[in-house]
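The values are calculated or read from the model by the stated rules, or taken from the named source; none is laboratory data. In this text the structure is predicted, and so the values were computed from the model without any measurement. With ideal geometry, Cβ positions are generated from the backbone for all residues, glycine too; neighbour counts draw on all protein chains shown. We work out accessible area using only protein heavy atoms, side chains counted, and drop any ligands, DNA or RNA first. Shrake-Rupley method; radii C 1.70, N 1.55, O 1.52, S 1.80 Å.
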Amino acid sequence: MKHTTIAVLITCFNRKQKTLGSLEALFKQVLPPEVSLSVYLVDDASTDGTAESVRQAYSAVKILHGDGNLFWNGGMRMAFEEAIKEDYDYYLWLNDDTILDPEAVNVLLTTSNRLASEGDTAAVIAISTRDPETSEFTYGGMLQSRWWHPLNLDPLPPTQEAQPCDTICGNCVLIPRQVVERVGNLDPAFVHYAGDWDYGLRAKQQGCTVWIAPGYLGTCSQNPKPAERTEVQLRQELNKVGQPKGLALQDVTLQPMEEWKVLTQRHCGLLWPIYWLLPYRRVLWISLLGGLKGKK
């Protein structure tokens, strides 16, 4: 059997126990002997001893150090860039709050091999995760289900068969060398959110395919929804729209406008200015009202 190399890419910041838990599940994967994993972990200047604990528990992990300003996309970019130098067969994104089932990586490889045998050698494949307490769907594949809004994406729950989708959440994603040769790394235009969505969409634009593997293959809790705020409270938080993690509302997270602008310009066609401003209409109105009240 041909030896298969996989670079596992992880970024972390001050979540030592979650990071160690994710690594523990990774190193318990049931894999054929011809498959080897090399782990690249970016520690973005954690102050809780994450890097030291990982080094003690998993000495084979290659630890890279950030300056504390990388966030998800920047950290994953750094790990990806370093791993690409070694020209692996596959690159596996893994969030440090995602706990893989023992067969997860093997199912991803089996799915990739089946697609390759059918002529699809450039397939991005993501897993679907479930909530560890409720077992409900949390993250996985996404579908462009509304013709009038290319970035209004709906989750695609898994079935017993692999399914094509339009893009993916980046919790655990297998990317073969053939995709990296066409698409490259994550885009530095994004800091925290949307880099994974953009990668999947760009992959399809480059003639690759995007899939979710069959079944649930790991657990990851959904990010908690914030409480409803009054207009006064929202007005006080408007500056968060310009910060890397954006402003979280109950139904949507408003990421920095410049990043969302890149995403809409790239994937929404000639009507991108409408799609760019659409999510911000409420906060823009609140900001305008606040300005008018301040002039009275």
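Of note:
- Identity of the residue in region 1-16, more than 12 Å from ASP97 (Cα to Cα) and open to solvent by 40 Å² or more (accessible area, probe 1.4 Å), that ends up nearest to the chain's Cα centre (by Cα): HIS3
- Exclusive hit being among the hydroxyl-bearing types (Ser, Thr, Tyr), touching a residue at least 12 places away in the same chain (Cβ under 8 Å) and crowded, with 22+ Cβ neighbours inside 10 Å, set THR219, THR138, THR209: THR138
- Which listed residue is open to solvent by 60 Å² or more (accessible area, probe 1.4 Å) and closer than 27 Å to ASN223 by Cα, from PRO132, PRO158: PRO132
Per-residue answers, yes or no, for (1) under 26 Å from VAL183 (Cα atoms); (2) among the hydroxyl-bearing types (Ser, Thr, Tyr); (3) open to solvent by 30 Å² or more (accessible area, probe 1.4 Å); (4) not in a helix (DSSP H, G or I):
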residue: LYS18; (1), (2), (3), (4): no, no, yes, no
residue: PRO32; (1), (2), (3), (4): no, no, yes, yes
residue: ASP48; (1), (2), (3), (4): no, no, yes, yes
residue: ASN113; (1), (2), (3), (4): yes, no, yes, no
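- Flag: PRO176 does not match the condition of being modelled with pLDDT under 95 and either in contact with a Phe, Trp or Tyr (Cβ under 7 Å, 6 or more places away or on another chain) or open to solvent by 10 Å² or more (accessible area, probe 1.4 Å) (or both).
- Filter result for the condition that a residue is under 16 Å from ALA7 (Cα atoms) and either in a helix (DSSP H, G or I) or under 18 Å from the mean Cα position of the chain (by Cα) (or both), over LEU186, LEU151: LEU186
- Within region 97-135, being among the acidic types (Asp, Glu) and closer than 20 Å to ILE10 by Cβ holds for ASP97, ASP101, GLU103.
- Residue in region 179-206 that is modelled with the highest pLDDT, counting only those that are aromatic (Phe, Trp, Tyr) and open to solvent by 30 Å² or more (accessible area, probe 1.4 Å): TRP197
- Number of the condition not met by THR121 [criteria: (1) β-branched (Val, Ile, Thr); (2) in a helix (DSSP H, G or I); (3) open to solvent by 30 Å² or more (accessible area, probe 1.4 Å)]: (2)
- Screening THR230 against (1) hydroxyl-bearing (Ser, Thr, Tyr); (2) crowded, with 17+ Cβ neighbours inside 10 Å; (3) more than 16 Å from the chain's Cα centre (by Cα); (4) at pLDDT below 95 leaves a single unmet condition, (2).
- Given (1) part of a loop (DSSP other than H, G, I, E, B); (2) under 27 Å from LEU23 (Cα atoms), index of the condition THR138 fails: (1)
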